[in-house]
């Protein structure tokens, strides 16, 4: 059965009946059906150049596996600076993006879900083979330790940050790693800072200031993604969701919103959907650290087992994390000449190992907090 898979790639969301096929897998992963709402909501978004699609695998007409994959047609801005990106992008070369590094982080990451008794690695390998037949090239973001699937060219990527809540002392452990954290929490409060928690849809009066923080995060990002044009649309789905398992932590300074993190609570996990801070402010007085501490306290209250925070992109976040997933990006193409070009393309792009080097393996680089501001 493992060798006789057929695939479809469509806009159709996963139905309730189809969701029931994967209940055992969600339990195995420590998740619940909130996953389907997040992924189906992402499927409901699109732009002229980015269309999320659901990949389904069948054996003898029985559904065996599903994965959310992004179909992108203007991804060169993720790889090249102007003017080359503008020259190449109008051609609209389709590519796929699949993030297997986490679940629901950035609204779309997923490991690929399988029915009970079916090998996930087989599903991934066959799925990538299918995608390579449909696309000139594509990217897979994954744990560096993931089994190889197909022929690819790999490159370094930022690690994904994790806090495992297997101890009630986890906050004490965070304080121990981040020597000046208590001072930063006090400074935030003394400057009029506070963090409020909202579950479900955000109040309408918060949407514009939070969108401002999200757009600032995009502007100040060190690079772009092939689906950058759809990212705000994807985030809006969680802002409008009435699901009480969608949780927003919002940082204020004197009643002005200066940052936020939105999460999905699923089973035993809290997964960061999006986040951003108002970079037009001279300082937010350590709102970032305060949001992370608040999310840890919330997760402990909910008796959760793990928080997934997404990419570790600075020393502060690295010091706050308790664990991490070492990740990489794997570039695929069915054409050998394109694969041969990948190293040259990568080295001259925003994904260049030289440019990403300050951000890769931060969790292992940050071994001391001496000299911390």
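In region 52-62, what count of residues is obtained for those that are under 17 Å from the mean Cα position of the chain (by Cα) and either in a loop (DSSP other than H, G, I, E, B) or surrounded by fewer than 20 Cβ atoms within 10 Å (Cβ to Cβ) (or both)?
Qualifying residue count for the region: 1.
Can we say residue 25 is closer than 15 Å to residue 118 by Cα and either part of a strand (DSSP E or B) or touching a strand residue (DSSP E or B) at 6+ places or on another chain (Cβ under 9 Å) (or both)?
yes
So residue 251 fits all but one of (1) in contact with a helix residue (DSSP H, G or I) (Cβ under 9 Å, 6 or more places away or on another chain); (2) under 22 Å from residue 38 (Cα atoms); (3) modelled with pLDDT of 95 or more; what number is the exception?
Failing condition for residue 251: (2).
May I ask you to list the residues in region 347-373 that are farther than 24 Å from residue 145 by Cα and modelled with pLDDT of 70 or more?
Hits for region 347-373 are 348, 349.
Test each condition in (1) closer than 23 Å to residue 306 by Cα; (2) modelled with pLDDT under 95; (3) surrounded by 21 or more Cβ atoms within 10 Å (Cβ to Cβ) for residue 139 and report the one that comes out false.
(1)
Kindly indicate which of 344, 280 is over 30 Å from residue 148 (Cβ atoms) and either without any contact (Cβ under 8 Å) to a residue 60 or more places away in the chain or in a loop (DSSP other than H, G, I, E, B) (or both).
280
Please go through region 28-47 and give me each residue that is in contact (Cβ under 8 Å) with a residue 12 or more places away in the chain and not in a loop (DSSP other than H, G, I, E, B), ordered by number.
29, 34, 35, 36, 37, 38, 39, 40, 41, 42, 43
Inside region 285-314, can you point out the residues that are free of Cβ contacts under 8 Å to residues at least 60 places away in the same chain and under 21 Å from residue 211 (Cβ atoms)?
Across region 285-314, the qualifying residues are 288, 295.
Report, ordered by the first and then the second residue, all pairs with beta carbons closer than 7 Å, sequence separation of six or more or different chains, a first member in region 153-178 that is more than 19 Å from residue 325 (Cα to Cα), and a second member that is part of a strand (DSSP E or B) and modelled with pLDDT of 85 or more.
153/331
Is one or more of the residues making up region 308-329 in contact with a strand residue (DSSP E or B) (Cβ under 9 Å, 6 or more places away or on another chain), at pLDDT 90 or above and part of a helix (DSSP H, G or I)?
No - not one qualifying residue is present in region 308-329.
Residue by residue, here is whether (1) at pLDDT 95 or above; (2) surrounded by 15 or more Cβ atoms within 10 Å (Cβ to Cβ); (3) under 17 Å from the mean Cα position of the chain (by Cα); (4) assigned to a loop (DSSP other than H, G, I, E, B) holds:
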| site | (1), (2), (3), (4) |
| --- | --- |
| 184 | no, yes, no, no |
| 194 | yes, yes, no, no |
| 206 | yes, yes, no, no |
| 214 | no, yes, yes, no |
| 226 | no, yes, yes, yes |
| 234 | yes, yes, yes, no |
| 239 | yes, yes, yes, no |
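The values are calculated or read from the model by the stated rules, or taken from the named source; none is laboratory data. The shown structure was predicted, so the numbers you read here are calculated from the model rather than taken from an experiment. Note: ideal-geometry Cβ built from the backbone for every residue, glycine included; neighbour counts use all protein chains shown.
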